[in-house]
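Worksheet: one structure, shown below.
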Amino acid sequence: MAVEKVTASIAEETTQLQNTEDDTYSGSLEAPSEGGNYDLEIAAYDDSGNVTVLSNEIEVSIWHTPKTNWKSTDRFNFVDYNRIKNNLLWLHDKVTELYKSFEIEDMGEDITDYSSYWKVKYFNAWERNLDIINSHMFTKDYGTAQRFFENGPFIQWTELNRIESAILNMRSILDSQEAGLRRFSFRLGMNEEVRI
């Protein structure tokens, strides 16, 4: 029996993997837009109609390494937009996990192409959310927040550097704080007592 095809699936995305060489299969899938745990399923079909399925749970993060080296010649695109928005959402989730729950402003959906216009209210929401998150975790000065207006100047590379550097710095602080959380071990012994 020969392998007829191999597919990979995550969330509702499925793709057929390509046989490269030495019966090795490879391919790519678009990651889910929401972070969380997902089942990754690999299915191998043979020419007799048999199917073998392997499944493994993987964690998908909405965190993407910020770009902190913006230059005046760089072009801002929807991938940059989504990265900044999703990193702010990641910070919000992490701060509410480590401290207490609070709300931030809506920053819209991910942008997948250039058929829609940039919305100034979402750039302003980035600035406000950066301040809100900062005030709930560790009040640090990340520079002066800008305010954007319809038909006004577009977000500048200096602002993008300030925002993304602040996001990266906040992530570093949160990672350190999470690693430093005090933990103690215990075990239940005989007579259901707790020993520390």
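Output yes when any residue across segment 40-48 is among the acidic types (Asp, Glu), under 17 Å from the mean Cα position of the chain (by Cα) and either farther than 30 Å from residue 157 by Cβ or surrounded by 15 or more Cβ atoms within 10 Å (Cβ to Cβ) (or both), and no when none is. The answer is no; no qualifying residue exists. In this structure, does residue 2 turn out to be closer than 30 Å to residue 163 by Cα and not charged (D, E, K, R)? Against the criterion (closer than 30 Å to residue 163 by Cα and not charged (D, E, K, R)), residue 2 does not qualify.
Candidates are the residues of segment 94-138 that are part of a helix (DSSP H, G or I) and among the basic types (Lys, Arg); the one that is most open to solvent (accessible area, probe 1.4 Å) is 121. A single member of 48, 61 is within 26 Å of residue 19 (Cα to Cα) and either of a type in the set (Asp, Glu) or modelled with pLDDT under 90 (or both), and it is 48. Residue-level check: of (1) in contact with a helix residue (DSSP H, G or I) (Cβ under 6 Å, 6 or more places away or on another chain); (2) within 23 Å of residue 174 (Cβ to Cβ), residue 106 misses just (1).
Could you tell me which residue of segment 66-82 is farthest from residue 36 (Cα to Cα), considering only residues that are in contact (Cβ under 8 Å) with a residue 40 or more places away in the chain and open to solvent by 20 Å² or more (accessible area, probe 1.4 Å)? Going through the qualifying residues, I end up with 72. Cβ-Cβ distances below 8 Å connect the following pairs, each with a first residue in segment 153-182 that is free of Cβ contacts under 8 Å to residues at least 40 places away in the same chain, a second residue that is of a type in the set (S, T, N, Q), and a separation of six or more residues or different chains: 159/146; 166/134. When each of 82, 56 is tested for being assigned to a strand (DSSP E or B) and either within 17 Å of residue 159 (Cβ to Cβ) or more than 9 Å from the chain's Cα centre (by Cα) (or both), the lone residue that passes is 56.
The values are calculated or read from the model by the stated rules, or taken from the named source; none is laboratory data. Please read all numbers here as calculations on a predicted model, not as lab measurements. As a convention, Cβ positions derive from the backbone with ideal geometry for all residues, glycine included, and neighbour counts pool all protein chains shown. Note: accessible area is taken over every heavy atom of the protein model, side chains too, but ligands, DNA and RNA are not part of it. Shrake-Rupley method; radii C 1.70, N 1.55, O 1.52, S 1.80 Å.
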